[in-house]
């Protein structure tokens, strides 16, 4: 079943076309990745998906609902792990989660229990009452993941979830995402780590300059073009991801 459909989707910022007339669909229970360098349009697509910005043209539907017409209902059913750290620096780990739960009208008694479970799930139990200013980068990413799960979302959107993490922390996040997918949570992620896409994604959309070049499974792309995903990207775009 399709959980997201986009047709002719575009987004302009003044004279800059950040997303240029793209079409895609995402199926329930799959992990779908948007790959490409900085500036490819990945984050802009994510922000339209979770109703943070409106498309300039075209349409995008989540759970069959237009993001411009029913954003509140859509937001209640999704979780978002942003690329940037937007945790409240004045609160503890537990307080960050309980405060965020208010956006979903979760009663405090219930949210405290949910938060405690998510803190354990993400390996932050010893940091429960610690101010987040003292957390490492990896711990903050773990807390952002816990926060994204506070409303038990059907759809989880992750914008470069492991950027800046050491290999051990990155693998910990991957393990958690595999577990969520096994419970039929639909995952959408952006990444410029090709290994991440190979390990997590059922299908990927390779983007460059606001356009989707191709959508396919990592395995089929690598079989068709040879080499790993980064080599595939080079063949399809003529440049390395860092350029």
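At a glance:
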read-out	value
Region 19-58 and region 131-145: distance between their alpha carbon centers, rounded to Å	26 Å
Label-point separation in nm, residue 136 to residue 99, each point 7 Å along Cα→Cβ	2.5 nm
Translational diffusion coefficient (Stokes-Einstein; Kirkwood radius from C-alpha pairs) of region 38-86 at 20 °C, 1.002 mPa s, in µm²/s	186 µm²/s
Per residue convex hull volume, Cα atoms of region 152-214, in Å³	99 Å³
At 0.692 mPa s and 37 °C, Stokes diffusion of the chain via Kirkwood alpha-carbon radius, µm² per second	177 µm²/s
FRET efficiency, 1/(1 + (r/R0)^6) with R0 45 Å, evaluated for residue 72 and residue 163 via beta carbons	0.95
Value at 222 nm in deg cm²/dmol, rounded to 500, when DSSP H runs of n ≥ 4 in the chain each add -39,500 (n - 2.57)	-10500 deg cm²/dmol
Approximate spin-label separation residue 108-residue 28, in nm, with each point projected 7 Å along Cα-to-Cβ	3.7 nm
In degrees, nearest ten, helix 137-148 long axis to first principal axis of the chain (Cα)	90 degrees
R0 of 41 Å, Cβ-Cβ distance residue 1-residue 126: FRET efficiency to nearest 0.05	0.50
Label point distance in nm, residue 13-residue 183, each placed 7 Å from Cα along Cα→Cβ	3.5 nm
Extension gain from residue 202 to residue 217, taking 0.36 nm per residue of separation minus the Cα-Cα distance	4.8 nm
Range of Cα positions in region 12-74 per principal axis (Å), largest first	31, 26, 17
Volume of the Cα convex hull of region 110-158, divided per residue and given in Å³	75 Å³
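Read-outs throughout are calculated quantities, based only on the coordinates presented, and are distinct from any laboratory measurement. Quick caveat, the model's predicted, so the values are computed rather than measured. Positions of Cβ are generated from backbone atoms using ideal geometry, with glycine treated the same way; all protein chains shown enter the neighbour counts.
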